[in-house]
Amino acid sequence: MAALKLAVLISGRGSNLQALIDACAGRDFPATVALVVSNNPQAQGLARAGACGIPTAVIERRDHGDRDAFDQALTEAIGAHDADLVCLAGFMSILGADFVARWRGRLINIHPSLLPEFPGLDTHARVLVAGVRTTGCTVHYVTAEVDAGPVIIQQSVPVEANDTPETLAARVLAAEHQIYPQAVRLIAEDRTT
Ligand code: GRF
């Protein structure tokens, strides 16, 4: 089976991008990172991609008249690199309904909670306020509703008594780095249910 070509969309640090790059470097991993797109020219993830010789594109929302034009620019960049699967990895711009419909079934996201619990931003602070003892992370298909599409894989992570949002985020992030490559493998091997 030919390797899946990934387009990874980022806005910042890019540690999940790095996890995907590292997984793709492994022998027999059924995917390659074909392109990294950032809507933020300062994103640290751009340097991670550059260091590995992966093509990058910066597509800023403010350079495009409306969201459809922005989404169209994203689609053109992804298409120019023949990507099969679009992976959102800390991409902080909401995508339009047309983009989501066009890439449906080929567009995935990672979120730092056990969806459907705690969708949205500031996840870890809300988890701590809620007082739950277990949280985690989810890779899911993207649908029109934010953080609500079908789940591909999840991993649970314990909440410790003295956690701050930062300590909890770090523990969850380590789990994210495990499950994002696992999700890509499941899709590449047609093993999602
Ligand atoms: C991760 O926690 C991810 O779940 C969320 O945004 C964060 C991105 O981190 N969507 P990084 O840029 O991959 O390091």
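The numbers here are math on the coordinates, done by the rules we state, and not lab data. Remember, predicted model here, so these are calculated numbers, not experimental data. As a convention, Cβ positions derive from the backbone with ideal geometry for all residues, glycine included, and neighbour counts pool all protein chains shown.
So here's what we get for this one:
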{"item": "Of the DSSP H helices in the chain, those whose Cα atoms cover at least 18 Å axially and whose Kyte score averages -1.0 or more", "result": "67-80, 165-188"}
{"item": "Qualifying trypsin sites (Lys or Arg not before Pro) for region 91-147 [loop in DSSP, other Cβ within 10 Å: at most 14]", "result": "ARG104, ARG133"}
{"item": "Rel. contact order, % - alpha carbon contacts under 8 angstrom, at least six apart, the chain", "result": "20 percent"}
{"item": "Loop-located trypsin sites (Lys or Arg not before Pro) in region 1-33 whose Cβ has at most 14 other Cβ within 10 Å (DSSP)", "result": "ARG27"}
{"item": "Convex hull of Cα atoms in the chain, direction-averaged projection (nm²)", "result": "10.8 nm²"}
{"item": "Helical mean residue ellipticity (222 nm; -39500 (n - 2.57) per DSSP H run of 4+; nearest 500) of the chain", "result": "-11000 deg cm²/dmol"}
{"item": "Volume of the Cα convex hull of region 87-188, divided per residue and given in Å³", "result": "84 Å³"}
